[in-house]
Amino acid sequence: MSAPAANPPSAAAVVAVLDALTLKFSDFSIHSLPSTFSNFTHMVHVELADGLSRRIVLRRYNPENYEDGHDKQRCEYRALQLLQGHGVPAPAPLLLDETGELLGLPGIVTGFVDGEPIQLPADASRWAEVAATAARMLARIHQVPFSESDKRYLMDDNVEVAWFIKDGKVPDYMRADPDGEEVWHLVKDGWGRWTPVEPRFAHTDYWAGNILWRGAEISAVVDWEEAGYGHPAADVAYARMGYFIEGIPEAAETFLREYEAAAGWQLTDLALFELAASVRPMTDPEGWFAHPYMEAGFRRFIERAREKLVSSGG
């Protein structure tokens, strides 16, 4: 058994999982997965006793990234359960390990889905097609039904998306950003005062790295540890910011247009949610802006959102 992966699960943990899934196996190997950032996510290739093979994913939550009051393992597992049968391609939930008894850390086990995050094409015009497909998928996500009892597993995005205003003072990382203090005050003044809308099931981290593709089709939307419910503009704002950072604001406009057409409604208060989204890169600008054009696109995103908010009287 080989384990060419950083922070892989132990062989004993894998055996415990396979036993819990009642899989009779002859061997297995452990492999890290690309686009794994805040947690430990590994694919296990299992050679079954009957000569067939199967791939499963072990997803363990990094204790350094735990959030008070938010059980990522329960949240993601419940989100994947909700997604089943509602037209959103996502990994199948197989096992929840709330305490880490099997995995060594709290986590989940899912099915494996083939696919890769899309890379910026040499022909940037193709991003219109990519953005349109991603937007239509987000509209489908926002149509997934959820109940009052589901809310105890999910994040309340109408609160969590503006985490930075909770204690009533401007965080140091926003003071260090050229736009940070103004963004803080604009969001603080406008938060919760938006036009009432029906809360929607949400991904909360919907960006290119969490969308897997096979050819021109989306094979899976992954990384549901922050799944929530709330104003649909939050997901749209975050996705649009990614296109600005990549230097393709035209794709952001395509995304909005295609999303609204597929969802069947026009978004309200988007500018406020765009300003809230802009705070995430402020927490780690070096990690977000690998090239100067990326920060330039980010500043353009903030400028346009600010102009829209002010012109609307927000």
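Working note: Cα gyration tensor of the chain, eigenvalues times five, square-rooted, sorted largest first, giving semi-axes of 35, 21, 19 Å.
Each Lys or Arg adds one and each Asp or Glu subtracts one; over the other residues with Cβ under 13 Å from the Cβ of Val46, this totals -1.
In the chain the longest region clear of GluC sites (Glu not before Pro) that are loop-assigned by DSSP and have at most 11 other C-beta atoms within 10 Å covers 149-314. The mean sequence separation of alpha-carbon pairs under 8 Å and at least six residues apart, normalised by the residue count of the chain, gives a relative contact order of 16 percent.
At a Förster distance of 25 Å, what's the computed FRET efficiency of Ala290 paired with Glu129, Cβ-Cβ distance as r, to 0.05? E between Ala290 and Glu129, to the nearest 0.05, is 0.55.
Considering lysine pairs in the chain that are 8 or more places apart or on different chains, how many have Cα atoms under 20 Å apart?
For the chain, qualifying lysine pairs total 4.
All other residues whose Cβ lies under 9 angstrom from that of Phe301 are scored, Lys and Arg at +1 and Asp and Glu at -1, for a net of +2. Remark: relative contact order (the stretch 174-314) = 26 percent; criterion is Cα-Cα distance under 8 angstrom and separation of 6 or more residues.
In the stretch 140-221, which trypsin sites (Lys or Arg not before Pro) are in a loop and have at most 13 other Cβ atoms within 10 Å, using DSSP for the loop call?
Sparse-neighbourhood loop trypsin sites (Lys or Arg not before Pro): Lys166, Lys169, Arg193.
Working from label points 7 Å from Cα in the Cα-to-Cβ sense, the Gln266 to Lys151 distance is 2.9 nm. Neighbours of Lys169 by Cβ distance under 14 Å: Lys/Arg scored +1, Asp/Glu scored -1, total 0. In summary, the helical segments of the chain meeting the span-like criteria, namely a full DSSP H run, a Cα extent along the axis of 20 angstrom or more and a mean Kyte-Doolittle hydropathy of at least 0.0, are 127-141. Placing unit charges on the Cβ atoms only, positive for Lys and Arg and negative for Asp and Glu, gives the stretch 71-136 a dipole magnitude near 240 debye about its Cα centre. Could you compute the FRET efficiency for Asp189 and His31, with r as their C-beta to C-beta distance and R0 at 45 Å, rounded to 0.05? Between Asp189 and His31 the formula returns 0.40. For the stretch 60-198, a/c is not less than 1.5, where a ≥ b ≥ c are the root eigenvalues of the C-alpha gyration tensor, and a/b does not top b/c. That puts it in the oblate class.
Springs between Cα atoms under 10 Å define the GNM used for the chain, and in it the highest mean-square fluctuation of Asp284, Asp156, Asp68 occurs at Asp68.
Under the classification rounded if a/c is under 1.5, otherwise prolate if a/b is larger than b/c and oblate if not, where does the stretch 225-293 fall, given a ≥ b ≥ c as square roots of the Cα gyration tensor eigenvalues? Oblate is the answer for the stretch 225-293, as a/c is 1.5 or above yet b/c matches or exceeds a/b. Note on Val310 and Asp114: their simple-model spin labels are 5.2 nm apart, each label 7 Å out from Cα toward Cβ. The calculated FRET efficiency for the pair Val159 and Thr99, based on their C-beta separation and a Förster distance of 25 Å, comes to about 0.40. Label positions at Ala11 and Ala216, each projected 7 Å from the Cα along the C-beta direction, are separated by 4.7 nm. Remark: the stretch 126-194 carries 51 Å² of accessible area per residue (probe radius 1.4 Å; ligands, DNA and RNA excluded).
The values are calculated or read from the model by the stated rules, or taken from the named source; none is laboratory data. What you are looking at is a predicted structure, and each value in this text was computed from that prediction instead of being measured. We place every Cβ from the backbone using ideal geometry, glycine too, and count neighbours over all the protein chains shown. The accessibility values were calculated without ligands, DNA or RNA, using every heavy atom of the protein model including side chains. Shrake-Rupley method; radii C 1.70, N 1.55, O 1.52, S 1.80 Å.
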